[in-house]
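First the structure, in the form of structure tokens, and then the observations on it.
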Amino acid sequence: MTAGLVGRSIGRRALALAAMLAGIALALALGMSSVRAQQAPSSSVRPPPGASIPGGREVVQPERPGNYDVELWKKVREGLNGQVSIPDKKAGQLVQSDGEAWRNFRNGPLPRDGLWAMLAVVVVLAAFFLLRGRIRIEHGWAGRTITRFSDLERFGHWLLASSFIILALTGLNVLYGRYALLPLIGAEAFSRISIAAKWLHDYVAFAFMAGLALTFVVWLRHNFPTWRDVVWLAKGGGMFVKGSHPPAWKFNAGQKILFWLIMLGGLSLSLSGIALLFPFQTALFAKTFAILNLLGFHLPTQLTPLQEMQYASSWHSIVALALVVVIIGHIYIGTLGMQGAFSAMGTGQVDVNWAKEHHSLWAEREIERMEEVAAAETAAARPAPAE
Ligand code: HEM
């Protein structure tokens with residue numbers, strides 16, 4: 001009886017011990033598998049070892065996981081679009097690979113070539129100044145002036161010019177500030193200046209657009225090409241030979257080219273600027289590319305909103321730098337390069353001899369008109385003969 005009881009009790013304890021051991025084994029097994037599950041790479045998001053991520057850094061990944069999906073990662077890396085249920089559908093794209101290309105262009109060829117172009121125009125102008133010198137009024141100052149630009153024309157010019165200069169300086173700060181200014185003034189001051197410059201850039205853009213529209217309206221009629229422009233261009237505008245003054249109306253061929261470069265460049269700059277000011281609201285480039293494709297180009301017309309923004313950013317900078325280069329030349333000729341030119345935009349008056357040399361057709365007509373007005377005034381002032 002006793003022996004039977006003892007035997008049953010040992011049997012129950014052995015059973016309990018076995019159950020406990022089994023429980024511990026199960027818990028350990030579950031625990032390990034959950035740790036492994038946490039360590040295991042998610043096949044859809046983990047890049048293969050050595051892959052680079054947008055930004056150019058290398059993924060440091062010593063262990064090569066066994067179960068990543070190479071094909072899937074490749075597609076994700078190439079910009080595969082997934083689906084998301086949140087309103088921002090752009091989030092469906094895990095990796096936007098064009099961002100890397102945009103960033104490389106933005107930090108490489110764009111500022112580098114832009115800087116070369118600006119330096120090149122300064123060098124060319126300096127060489128021109130050394131060789132040709134200041135273009136002087138050959139017959140000397142006449143001492144009499146004629147009106148070259150009305151108040152409205154000058155207001156439009158200075159609205160356009162001052163806003164462009166502010167936009168150029170604040171825009172150049174975005175491209176070159178961290179290399180040129182930051183080391184000179186330190187991070188704190190550079191940060192303050194850059195924040196102010198960004199605000200200025202965004203708001204002054206509207207003054208630029210207004211100046212562009214105004215000058216377009218007041219000067220359009222003077223900027224249609226004529227055969228005189230062909231002659232003017234063939235003679236290099238008389239810029240390289242002293243005593244050569246090809247005839248020109250109010251604007252010569254060089255000025256007409258400048259006018260159209262500024263109008264078309266300014267329009268393109270404004271549209272791409274608006275696309276940047278109001279992100280993801282426009283599809284400017286897909287539409288432009290579709291039109292260009294009609295002319296035989298083969299440009300992509302299915303662009304994602306992010307690609308639209310990248311094109312807008314790159315194009316805006318390219319056009320801006322090109323216009324800065326052109327305007328450096330314009331400012332040179334309007335100030336240092338040509339005697340008597342600045343007063344046209346300063347007071348609105350130019351010396352008669354300057355006008356006859358550089359815009360002979362326009363000057364002759366204006367002088368004729370002035371003489372007619374003067375003659376009419378003299379006639380009106382003369383006392384009527386007694387009857
Ligand atoms: C300090 C800067 C500038 C100076 C000193 C200056 C000077 C001048 C002068 C003297 C003229 C009249 C030329 C003539 O009588 O034939 C002129 C015309 C003109 N300027 Fe400017 N300008 C400046 C900046 C700008 C800027 C930034 C723009 C546009 C973004 C611009 C656009 C024009 C245009 C479209 C004309 C009419 C076409 C021409 O004469 O070339 N100017 N400027």
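The values are calculated or read from the model by the stated rules, or taken from the named source; none is laboratory data. Keep in mind it's a predicted model, so treat the numbers as computed, not measured. No Cβ is skipped: glycine too gets one built from the backbone with ideal geometry, and neighbour counts run over all protein chains shown. Just so you know, the surface numbers come from the protein's heavy atoms only, side chains and all, with ligands and any DNA or RNA stripped out. Shrake-Rupley method; radii C 1.70, N 1.55, O 1.52, S 1.80 Å.
Some observations on this one:
- No other residue among Met370, Met345 is modelled with pLDDT under 95, among the aliphatic types (A, V, I, L, M) and assigned to a helix (DSSP H, G or I) apart from Met370.
- Where Leu361 falls short, out of the listed (1) over 18 Å from Phe129 (Cβ atoms); (2) out of contact with any helix residue (DSSP H, G or I) (no Cβ under 6 Å at 6 or more places or on another chain); (3) surrounded by 16 or more Cβ atoms within 10 Å (Cβ to Cβ): (3)
- Residues of segment 256-279 that are open to solvent by 60 Å² or more (accessible area, probe 1.4 Å) and within 14 Å of the ligand (Cβ to nearest atom): Ile257, Trp260, Leu261, Leu264, Leu267.
- One residue stands out among those in segment 64-96 that are in contact with a helix residue (DSSP H, G or I) (Cβ under 6 Å, 6 or more places away or on another chain) and in a loop (DSSP other than H, G, I, E, B): the one that is surrounded by the most Cβ atoms within 10 Å (Cβ to Cβ), which is Val95.
- In segment 291-305, the residues that are open to solvent by 60 Å² or more (accessible area, probe 1.4 Å) and touching a residue at least 40 places away in the same chain (Cβ under 8 Å): Pro305
- Restricting the search to helices (runs of 4 or more DSSP H) fully inside segment 205-316 and requiring at least 2 residues that are polar (S, T, N, Q) gives 253-277, 284-294.
- Candidate set: segment 131-183, residues that are of a type in the set (Ser, Thr, Tyr) and under 30 Å from Trp199 (Cβ atoms); chosen: the one farthest from the ligand (Cβ to nearest atom): Tyr179
- Residue among Ile193, Ile165 that is open to solvent by 50 Å² or more (accessible area, probe 1.4 Å), closer than 29 Å to Asn252 by Cα and in a helix (DSSP H, G or I): Ile165
- Among the residues listed as Arg178, Arg112, Arg154, the single one being assigned to a helix (DSSP H, G or I), out of contact with any strand residue (DSSP E or B) (no Cβ under 7 Å at 6 or more places or on another chain), of a type in the set (Lys, Arg) and surrounded by 14 or more Cβ atoms within 10 Å (Cβ to Cβ): Arg154
- Scanning segment 202-234 for residues that are more than 15 Å from the ligand (Cβ to nearest atom) and either buried (at least 17 other Cβ atoms within 10 Å of the Cβ) or among the hydroxyl-bearing types (Ser, Thr, Tyr) (or both) yields Tyr203, Thr226.
- When every residue of segment 316-334 is checked against the conditions, at least one turns out to be open to solvent by 60 Å² or more (accessible area, probe 1.4 Å), within 10 Å of the ligand (Cβ to nearest atom) and not aromatic (Phe, Trp, Tyr).
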